[in-house]
1. Across region 195-215, what is the number of residues that are among the β-branched types (Val, Ile, Thr), under 20 Å from TYR24 (Cβ atoms) and touching a residue at least 24 places away in the same chain (Cβ under 8 Å)?
2. Please go through region 189-211 and give me each residue that is of a type in the set (S, T, N, Q) and crowded, with 16+ Cβ neighbours inside 10 Å, ordered by number.
3. What residue, of LYS93, LYS98, LYS118, LYS22, is free of Cβ contacts under 8 Å to residues at least 40 places away in the same chain and not aromatic (Phe, Trp, Tyr)?
4. Looking only at region 80-106, which residues are among the basic types (Lys, Arg) and at pLDDT 95 or above?
5. Could you say which residue among SER87, SER139, SER131 is of a type in the set (Ser, Thr, Tyr), out of contact with any His (no Cβ under 8 Å at 6 or more places or on another chain) and surrounded by 15 or more Cβ atoms within 10 Å (Cβ to Cβ)?
6. Hey, could you check region 99-116 for residues that are of a type outside the set (A, V, I, L, M) and over 18 Å from the mean Cα position of the chain (by Cα) and say which is surrounded by the most Cβ atoms within 10 Å (Cβ to Cβ)?
7. For residues that are assigned to a loop (DSSP other than H, G, I, E, B) and on the phi > 0 side of the Ramachandran plot, scanning just region 124-173, find the one that is nearest to the chain's Cα centre (by Cα).
8. Quick one: in region 174-186, of everything that is in a loop (DSSP other than H, G, I, E, B) and not hydrophobic (A, V, I, L, M, F, W, C), which residue is farthest from ASP115 (Cα to Cα)?
Amino acid sequence: MNVCILSGRYPVTEFQSYINHKIYADHFGYSYVHCNWPTTTKNNYLNKIVYILSIIDHYDYLVWIDDDAFFIDFKKDIMEYRPEGDSFISFCKSPNFKELKTVLSSGQFIVRVNDLSKLFFETVLKTEMDSVKNWWDESLGYFTNGDQDIMIYLLLEDKRFKNKVDLYDYKKFNSRVENLIDVDVHKPLVLHFTGRGKTKQKNYIRIQRNLNIHPSLVPNTKLVEYNIVVKPSYNKDDVQKNPVSLLYKLNRKIKGWL
């Protein structure tokens with residue numbers, strides 16, 4: 001079973017999740033590809049679809065994980081949730097305790113590579129967002145103006161893809177910060193930071209402090225194997241943000257001047 005985990009974004013991520021994703025992939029013997037290049041799509045949410053299509057022919061399965069999501073449980077293999085039977089893709093539902101809900105979360109998903117899955121992603125890129133928006137019903141939850149909405153539309157409406165998806169409870173690989181603190185507490189396989197930028201950063205730092213862990217959210221015992229400098233304690237004075245954050249902000253400022 002030839003599996004690749006891929007993640008990333010453009011503009012470049014502010015999270016040190018690429019370290020996390022690489023080490024998790026190595027742990028289970030999977031390939032890892034970090035994607036951080038620009039594409040010609042007008043919607044940045046669709047960059048991930050271009051990334052997927054660029055390597056889809058080289059693997060049996062692909063695991064996409066957003067740059068703001070981290071593997072926490074290194075003892076559990078996410079491929080336990082790969083699509084079964086006639087399904088070509090598997091997702092998690094959104095958490096039931098959140099105010100904003102969706103049918104599924106496209107932050108993490110597992111793809112069986114075949115002609116149908118390749119056609120699916122090609123169709124995502126060709127589908128007009130306005131058509132999806134006009135079709136959208138409030139019962140489907142929050143409209144994100146991204147790849148997630150198009151996927152939901154195609155999986156519910158297009159006969160080629162309908163009933164060929166596996167949906168799992170959010171706790172399988174779409175847990176949130178609250179699940180480590182005070183709501184439906186459990187050990188996540190994947191911890192997904194959501195919300196606006198400031199909220200994400202606040203929660204990101206909060207978890208580093210609470211877990212006394214490196215910004216990659218990988219235990220020190222694993223990080224030293226990769227010659228990554230670690231600290232015995234990650235208290236509030238030691239908590240790090242991704243060193244590219246300042247550069248990222250500067251690039252955005254310059255872009256606004258052009």
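1. Residues flagged as among the β-branched types (Val, Ile, Thr), under 20 Å from TYR24 (Cβ atoms) and touching a residue at least 24 places away in the same chain (Cβ under 8 Å) within region 195-215 amount to 1.
2. To start, the set of residues in region 189-211 that are of a type in the set (S, T, N, Q) comprises 194, 199, 201, 203, 208, 210.
Passing the criteria: THR194, GLN201, ASN203, GLN208.
3. Only one candidate passes the filter, namely LYS22.
4. Across region 80-106, the qualifying residues are ARG82, LYS93.
5. Numbers: SER139 fails: surrounded by 15 or more Cβ atoms within 10 Å (Cβ to Cβ); SER131 fails: surrounded by 15 or more Cβ atoms within 10 Å (Cβ to Cβ).
Unique residue meeting the criteria: SER87.
6. So the residue we want is ASN114.
7. From region 124-173, those assigned to a loop (DSSP other than H, G, I, E, B) are 127-128, 136-137, 142-146, 158-164, 169, 173; that's our starting set.
From the residues that got through so far, the ones that are on the phi > 0 side of the Ramachandran plot too are 145, 163.
On the way: ASN145: 16, ASN163: 23 Å.
Once the filter is applied, the top-ranked residue is ASN145.
8. ASP182
The values are calculated or read from the model by the stated rules, or taken from the named source; none is laboratory data. Keep in mind that this is a model prediction, so the values were computed, not measured. All Cβ positions, even for glycine, are placed from backbone atoms using ideal geometry, and neighbour counts span all protein chains on display.
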